[in-house]
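Contents: one structure, followed by commentary.
The values are calculated or read from the model by the stated rules, or taken from the named source; none is laboratory data. On a predicted model such as this, the values are computed, not experimentally measured, just so you know. Note that we place each Cβ from the backbone using ideal geometry, even for glycine, and neighbour counts take in every protein chain shown. Just the protein is used for accessible areas: all its heavy atoms, side chains included, with ligands, DNA and RNA removed. Shrake-Rupley method; radii C 1.70, N 1.55, O 1.52, S 1.80 Å.
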Amino acid sequence: MADEQTQSENGGGVATSSNTLSITDNRTGEQYEIEVQEGDVIKAMDLRQIKVHEDDFGMMSYDPAFTNTASTKSAITFINGEAGVLEHRGYPIEQLCEQSTYLEVAYLLVNGELPTKDQLDKWTHDITIHTFVHENVKEFLQGFRHDAHPMGMLQSTVGALSTFYPDSKDIQDENERYWATIRLIAKMPTLAAFAYRHSLGLPYNYPVNDLSYPANFLSMMFKMTELRYEADPRLERALDVLWILHADHEQNCSTNAVRAVGSSQVDPYSAASAGIAALYGPLHGGANEAVLRMLDRIGSEDNIKDFLQGVKDGKEKLMGFGHRVYKNYDPRARIIKKHVEEVFEVTGKNPKLELATELEKHALDDEYFTDRKLYPNVDFYSGLIYEALSLPTEMFTVMFAIPRTSGWAAQWLEMVNDKEQKIARPRQVYVGERERDYVPIDKR
Ligand code: CMC
C-alpha cells in the first residue's frame, strides 16, 4: 500500500465559535454544531451524537483504507503531496540528503531535534556496540530453506528478538524504550546481511565497529576472504542517501501496522515485525522488487508499447508508478534519480536503466498515466541501484526495511507517549445475516 495521508498545510488554529461545522440531519431535521480541530479535522466521535432514535448507536464515518482519516497527531514527518514536499521534523528531505547521514536522520526522527556533536557521538556509539546478535539467531536462520525469502527471515528474526530482550515488554519504562530503539536500528542490518549470506550458503560476517553504518552493512554482505572489506565511498554515500530517503513517511501501511500492533502494548520487536510483514507486500515496500521483475518481463524497448497497453487494459499495474499522496511527483524519486547515475559510474552501466528510462518516458507521454496523475515513485529507481550493487532482487525490500526501522521506532515512541492513543480497534458496518436459527447438517 502506498504511503498515505496528506496533511493540510493550514494547520488550523484554536477552535472558536466560528470554527465549527453545522450539520443538519435531514432525516430528523436536527441541527448539530461540530468543532473543527487543529489541522482542519473533526473528531469522528463528535458524529456519534447524530442519531435518529435515542437508542441508536449514532453516526460513524466509513473509510476503508483510511483514505481520509487521520489516525494520529504527529510531529515527525510532514508531507504535502500536491506540492511534492517531504520534511522530517521540519527539515526538507533535499537538505537532509545533501548534508546529513542516515544515523543522524534516525536521531532526528526519534528525538525531534538534530543532535549536537556529543549527542551524535553517543547515539552512534550506542548503535555501533549493539550490532551483534545472539549466536542462537544464527541457529534458527540455519533452519530456513536455502531459497527462503529474506523478508520472511527478517520478519521472524526481528520478532524473535523479543524473546532475547523480555524486559522490552515494559514499554512504560523510558530506559527500556531507548535500548529497544537502539537495538532495532543496530541489529536490522546484521539480520538482513545474515539472511542474505544464508541464501548463498556463505558464512556470516560479523559487524566491524569502526566502519560507518552503511559501510559496515556492505562489509557484512560482501566480505569474502579479504581481511577487511572497504566499500567504494561513492557506493557507501549512495546507500546512506537511499536510507535517508526511506527512513520515514508518516502513516504509511507498515507504520500504521507498527502503530496498530504496538497499540496493544506488545513489545516493540513484535510491533516492528508486523511492520516488516506489511512492508513485504508488492503495493508497499515490495514494489522495488516488483519493478525489476516487471523490467525483466518487458525485456526490451520494443515491447514497451504492448506492455503499457496491457496496463491500460487493466491486465497489470505499472509498478513503481503512482502514490497515494504524491500526485505531481515523488520528491524522493527526484533525489534518487541523481544518485542512480553516480552509482553506475562505479558499477558500470546497466541495460535495465535504459529500459526503465524509456518506459518512464513513454508513460509520462501517455494520457492514461498523466490523467490519473501517475508518476514514478521512489521504488521505480531504488531497485536499479540495488541491482547495480549486485543485490539479488529478493533483497530489495529488505534494503527498505533497514532504514524504515528508525521511522517505525520514532512513530512507536510517539504513540506510546500520546495520551490520546488507545488500543487501535476500528468499527465496522455489518452487512451480513442476522438472528438465524442453527440448521443441523442433515437438514442443509
Ligand atoms: N499502474 C496502472 N494504473 C494505476 C497504477 C499503476 N501503478 N496506480 C494507480 N493506477 C490507476 C488505478 O487503477 C486507478 O485507475 P481508475 O481511476 O481508472 O480506477 C487510478 O490510477 C487511481 O489509483 P488508486 O488505486 O486509487 O490509487 P491509490 O492511491 O489507492 O494507490 C498505489 C496508490 C501506490 C498503491 C498505486 O498507485 C499502485 O499500486 N502503484 C504500484 C505499486 C507501487 O509502485 N507501490 C509503491 C508506492 S511508493 C513506496 C511505498 O509506499 O512503499
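Selection of first residues in the stretch 9-29 that are open to solvent by less than 80 Å² (accessible area, probe 1.4 Å) and of second residues that are in a loop (DSSP other than H, G, I, E, B) and modelled with pLDDT under 95, restricted to Cβ pairs under 6 Å at least 6 apart or on distinct chains, gives the following pairs, ordered by first then second residue: GLY12/GLU38; GLY12/GLY39; GLY12/ASP40.
With the structure loaded, tell me whether PHE396 is away from the ligand (no atom under 15 Å from the Cβ) and either part of a helix (DSSP H, G or I) or within 15 Å of the chain's Cα centre (by Cα) (or both) or whether it fails that test.
On the way: away from the ligand (no atom under 15 Å from the Cβ): no; either part of a helix (DSSP H, G or I) or within 15 Å of the chain's Cα centre (by Cα) (or both): yes.
The answer is no for PHE396.
Take GLY314 and tell me if it is near the ligand (Cβ under 10 Å from one of its atoms) and free of Cβ contacts under 8 Å to residues at least 24 places away in the same chain. So that I can check it myself, show each step before the final result.
Values: near the ligand (Cβ under 10 Å from one of its atoms): yes; free of Cβ contacts under 8 Å to residues at least 24 places away in the same chain: yes.
Yes: the conditions hold for GLY314.
Close Cβ contacts (under 9 Å, 6 or more residues apart or on different chains) running from residues in the stretch 248-267 that are modelled with pLDDT of 95 or more and open to solvent by 10 Å² or more (accessible area, probe 1.4 Å) to residues that are within 12 Å of the ligand (Cβ to nearest atom) and among the aromatic types (Phe, Trp, Tyr) comprise GLN251/PHE66; ASN256/PHE66. Residues of the stretch 317-329 that are in contact (Cβ under 8 Å) with a residue 60 or more places away in the chain and either more than 30 Å from GLU250 (Cβ to Cβ) or touching an Asp or Glu at 6+ places or on another chain (Cβ under 9 Å) (or both): MET319, GLY320, HIS323, ARG324, VAL325, TYR326, LYS327, ASN328. Does the stretch 31-45 include one or more residues that are surrounded by fewer than 10 Cβ atoms within 10 Å (Cβ to Cβ), at pLDDT 95 or above, over 34 Å from the mean Cα position of the chain (by Cα) and assigned to a loop (DSSP other than H, G, I, E, B)? Within the stretch 31-45 (the criterion being surrounded by fewer than 10 Cβ atoms within 10 Å (Cβ to Cβ), at pLDDT 95 or above, over 34 Å from the mean Cα position of the chain (by Cα) and assigned to a loop (DSSP other than H, G, I, E, B)), the answer is no, since none of the residues qualifies. Contact annotation: residue pairs with Cβ atoms under 7 Å, 6 or more positions apart or on different chains, pairing a residue in the stretch 47-74 that is closer than 17 Å to VAL325 by Cα and acidic (Asp, Glu) with a partner that is within 16 Å of the ligand (Cβ to nearest atom) and open to solvent by less than 80 Å² (accessible area, probe 1.4 Å), are ASP63/THR69.
Each residue in the stretch 280-321 was checked for being over 15 Å from SER382 (Cα atoms) and either of a type outside the set (A, V, I, L, M, F, W, C) or more than 23 Å from the chain's Cα centre (by Cα) (or both), and 24 pass. Restricting attention to the stretch 317-357, the residues that are near the ligand (Cβ under 10 Å from one of its atoms) and in contact with a Phe, Trp or Tyr (Cβ under 9 Å, 6 or more places away or on another chain) total 11.
The set of residues in the stretch 274-310 that are within 8 Å of the ligand (Cβ to nearest atom) and under 15 Å from GLU358 (Cβ atoms) contains only VAL291. Restricting the stretch 375-397 to residues that are modelled with pLDDT of 90 or more and open to solvent by 40 Å² or more (accessible area, probe 1.4 Å) leaves a set whose member that is farthest from GLY320 (Cα to Cα) is GLU394.
Within the stretch 369-398, residues that are closer than 19 Å to LEU355 by Cβ reach partners that are part of a loop (DSSP other than H, G, I, E, B) and among the aromatic types (Phe, Trp, Tyr) with beta carbons closer than 6 Å, at six or more positions or on different chains, in the pairs TYR375/TYR329.
So is LEU141 assigned to a helix (DSSP H, G or I), surrounded by 16 or more Cβ atoms within 10 Å (Cβ to Cβ) and in contact (Cβ under 8 Å) with a residue 24 or more places away in the chain or not? So LEU141 fits the description; yes.
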